[in-house]
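Colleague: Have a look at this one.
The values are calculated or read from the model by the stated rules, or taken from the named source; none is laboratory data. Fair warning: this is a prediction, and the values are worked out from it, not measured in the lab. Every residue, glycine as well, gets a Cβ built from its backbone with ideal geometry; the counts of neighbours run over all protein chains shown.
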Amino acid sequence: MSPDWITKLRSNVLFWVALAFSVFQLSIAVFVPLIDLQLRALHVIFGITTALIAFPYKDEGKGGSLCAVFDLALIVFVLSSCLYIFINWLRIYEQPGESTRIELIVGAILTLVVLETTRRATGWIMPLLVLFLFGFVFSGPLLPGIWKQPGLPLEHVLNSVYLSSEGLFGKITGFSATFIAVFIIFGALLMHTGGGKTFMDLALLLAGRFRGGPAKVAIISSALFGSISGSAAANVSVTGNYTIPLMIKLGYKPSFAAGVESMASTGGVLTPPIMAIAAFIMAEFLGIPYIKIIGYATIPCILFYIGLFGGVHFEALSLGLQAAAKEDLPHWRDVLTWSRIVPFVIPIFLLIYLLLTGFVLIAAGFYASLATIILYIFSDFSFSGMKERCFQILKALSQGGRTIARIAPIMVSVSVLVLLLDLTGVAPKLSALILEMGGGNLISALFVAAIVPLILGTALPTTPSYIISAAIVAPALTSLGIDLVAAHLFLLYWSGLSSQTPPTCTTVIIAANYAKADWMKAGFVGMRLGIVAFLIPFFFVLEPALLARAPFVEVIVYTTSAALGAILLASGLFGYMRRKTGVLLRSAFGISGILLLYPNHKASVLGLVIAAVAFVGESMVIRKKMIPA
């Protein structure tokens, strides 16, 4: 059997299996009243099966046929072991802890298959974390100090992992099987039926005619795209392919262009309404309506983009750059058409309306997806046009299934990890360690707490990084009296920002590849541009008014002060206000910006005074240069 034949067959099978996965998530998971265990078991079957097809053990070449048979055997095992859970759900609920040796062996093997699939989809980090905690469970009696524990019987652990509504089929898997899957499909429908191109053209129309326009286009398009896709890597891959060459053509340095796109794409993950799907999980964790989470996240998001726009604007002025060329801009009449706008705008507004009126997440996502499909198909009434659009819908659904398959294994692994954290008692011990390392000081504890999602996020997507961080770190932060919403958003921000920071810098590397630039330089440019995103999590923890969780007057005062601070900080970092500034003025504007961002009335007043003095000093320098000697 030739390798090419195997590859072609796998591609065709993947298309239809992924399509079936999406249809299952949009129909049966929404309308058929399955028990939690049954739904999660079917989700694991579809998710792991699709992932094993999408990420084979060996693509082609010598041994490819044998590896294909091995993967098929794994798929059959996953199907049978999960169907066993689907059929025996009642016994599992009624007789917890009762299991045979064969059942425990099957559970152990299924766990290893899930970890192997996770390794193929996302790398070694998550499987190693889970295996480490398994080792911790059984080596507990040998450990010193606070880490010592009595240990647990192997039978109890495997029973909890497989034959229970925890572990492989726990709450996190339930998230993946319901609203996460539906919103991934919704995003895929929007993106793969022309939404990505429409978002890009809208960004060009809004910002392309201004100075340094392509950089501002990158910001807007990444915000629009990222708010739906929830993936920084996908964001930069789609928008960067166009915006980076446009920025370089206008006159930006390649490293700067890559830095703009990578930071803007990272910011897209933190932009409502989707926010890497972590916002939905946060709402479930906190028992708060999702729409409120979006409201709390809005002000930090606005401040981030003010700082980002300020940075690219001052850089454009410093370089003397102009707007994008007319030939690079679309025409309004070509963009604002029924077929391009209505299928993307109406579903988003429908989604927001349904959430505001109290629809559950999975139902709101379903009806928004259904609206996208109907409006897209009937945006062209010709037979050939409708036929082509139906085919595009099938491709979009299949792509949605493949995207879920990349996420599902890691979410199931996270579900096992959360169970093991609970069984071992590691989470409260790590919380105590964070408090001890912070020395009881809030700022010090926040710096230590930020390390956990920052490290996890270098190898994991934003959502699982946030979930694990919330399990480990959130209790420590709330014990310090930190607002619960602020603590969770703090962890979400650092989980997202990790894709911008060394050593992995996923989004930076992708953007630098498009720009043919040094990824390290691009990474530091991005961090300089997005400095507000690195500061604001600390500030909204100190003052929840920046999350709109305070009296209205305080919210307005602190937000206005922070917005002005974001602009001044960008001015200081990029050395331009009304002209290029020297070290002294740059420092003054930078310091005043930080003081105005910091949520404290005295600090704001001091920041305004320093900024005023700096403005006067700059005016005197400008006047002196204008007057001939």
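Colleague: If a residue has to be in a loop (DSSP other than H, G, I, E, B), under 20 Å from LEU317 (Cβ atoms) and within 33 Å of the chain's Cα centre (by Cα) to count, how many in region 568-623 make the cut? Steps first, answer last, please.
Modeller: Looking only at region 568-623, we keep the residues that are in a loop (DSSP other than H, G, I, E, B), and these are 575, 577-579, 581-582, 598-600.
Then drop every residue that is not under 20 Å from LEU317 (Cβ atoms), which leaves 575, 577-579, 581-582.
If we keep only those that are within 33 Å of the chain's Cα centre (by Cα) as well, we get 575.
Going through region 568-623 one residue at a time, the tally reaches 1.
Colleague: Checking the condition assigned to a helix (DSSP H, G or I), within 19 Å of the chain's Cα centre (by Cα), buried (at least 23 other Cβ atoms within 10 Å of the Cβ) and in the same structural domain as PHE349 (by TED's automatic domain parsing), which residue from GLY267, GLY295, GLY311, GLY307 passes? Steps first, answer last, please.
Modeller: Values: GLY295 fails: buried (at least 23 other Cβ atoms within 10 Å of the Cβ); GLY311 fails: within 19 Å of the chain's Cα centre (by Cα); GLY307 fails: within 19 Å of the chain's Cα centre (by Cα).
Every option except GLY267 fails the conditions.
Colleague: For residues that are closer than 17 Å to SER22 by Cβ and of a type in the set (Val, Ile, Thr), tally how many sit in region 396-418.
Modeller: Count: 3.
Colleague: Right, here's the next one. If you check ILE219 against the conditions, is it part of a helix (DSSP H, G or I) and under 20 Å from PRO300 (Cα atoms)? Explain how you work it out, then say what you get.
Modeller: On the way: part of a helix (DSSP H, G or I): yes; under 20 Å from PRO300 (Cα atoms): yes.
Criteria met by ILE219.
Colleague: Taking the conditions exactly as written (out of contact with any strand residue (DSSP E or B) (no Cβ under 9 Å at 6 or more places or on another chain), more than 20 Å from VAL412 (Cβ to Cβ), at pLDDT below 90 and part of a loop (DSSP other than H, G, I, E, B)), does PRO141 satisfy them or not? Please lay out each step first, then the result.
Modeller: Working: out of contact with any strand residue (DSSP E or B) (no Cβ under 9 Å at 6 or more places or on another chain): yes; more than 20 Å from VAL412 (Cβ to Cβ): yes; at pLDDT below 90: yes; part of a loop (DSSP other than H, G, I, E, B): no.
Criteria not met by PRO141.
Colleague: For VAL553, work out the one condition from (1) closer than 28 Å to HIS488 by Cα; (2) under 30 Å from the mean Cα position of the chain (by Cα); (3) among the aliphatic types (A, V, I, L, M) it doesn't fulfil.
Modeller: Here VAL553 clears every test but (2).
Colleague: Among the listed residues ILE48, ILE92, ILE35, which satisfies the condition of being under 30 Å from PRO153 (Cα atoms) and modelled with pLDDT of 95 or more? Lay out the reasoning, then the answer.
Modeller: On the way: ILE92 fails: modelled with pLDDT of 95 or more; ILE35 fails: modelled with pLDDT of 95 or more.
That would be ILE48, the only listed residue that is under 30 Å from PRO153 (Cα atoms) and modelled with pLDDT of 95 or more.
Colleague: Going residue by residue through region 282-291, is there one that turns out to be small (Gly, Ala, Ser), part of a helix (DSSP H, G or I) and either buried (at least 24 other Cβ atoms within 10 Å of the Cβ) or out of contact with any helix residue (DSSP H, G or I) (no Cβ under 8 Å at 6 or more places or on another chain) (or both)?
Modeller: From region 282-291, those small (Gly, Ala, Ser) are 283, 287; that's our starting set.
Now narrow it down to the ones that are part of a helix (DSSP H, G or I): 283.
If we keep only those that are either buried (at least 24 other Cβ atoms within 10 Å of the Cβ) or out of contact with any helix residue (DSSP H, G or I) (no Cβ under 8 Å at 6 or more places or on another chain) (or both) too, we end up with none.
No: region 282-291 contains no residue that is small (Gly, Ala, Ser), part of a helix (DSSP H, G or I) and either buried (at least 24 other Cβ atoms within 10 Å of the Cβ) or out of contact with any helix residue (DSSP H, G or I) (no Cβ under 8 Å at 6 or more places or on another chain) (or both).
Colleague: Only one of (1) assigned to a helix (DSSP H, G or I); (2) under 22 Å from ARG406 (Cα atoms); (3) not hydrophobic (A, V, I, L, M, F, W, C) is not met by PRO273, so which one is it?
Modeller: The failed condition is (1).
Colleague: For residues that are of a type in the set (D, E, K, R) and under 18 Å from PHE309 (Cα atoms), scanning just region 568-609, find the one that is surrounded by the most Cβ atoms within 10 Å (Cβ to Cβ). Please lay out each step first, then the result.
Modeller: Of all residues in region 568-609, those of a type in the set (D, E, K, R) come to 578-580, 586, 602.
Remaining after also requiring under 18 Å from PHE309 (Cα atoms): 578-580, 586.
On the way: ARG578: 12, ARG579: 13, LYS580: 13, ARG586: 19.
If we take residues in region 568-609 being of a type in the set (D, E, K, R) and under 18 Å from PHE309 (Cα atoms), then ARG586 is surrounded by the most Cβ atoms within 10 Å (Cβ to Cβ).
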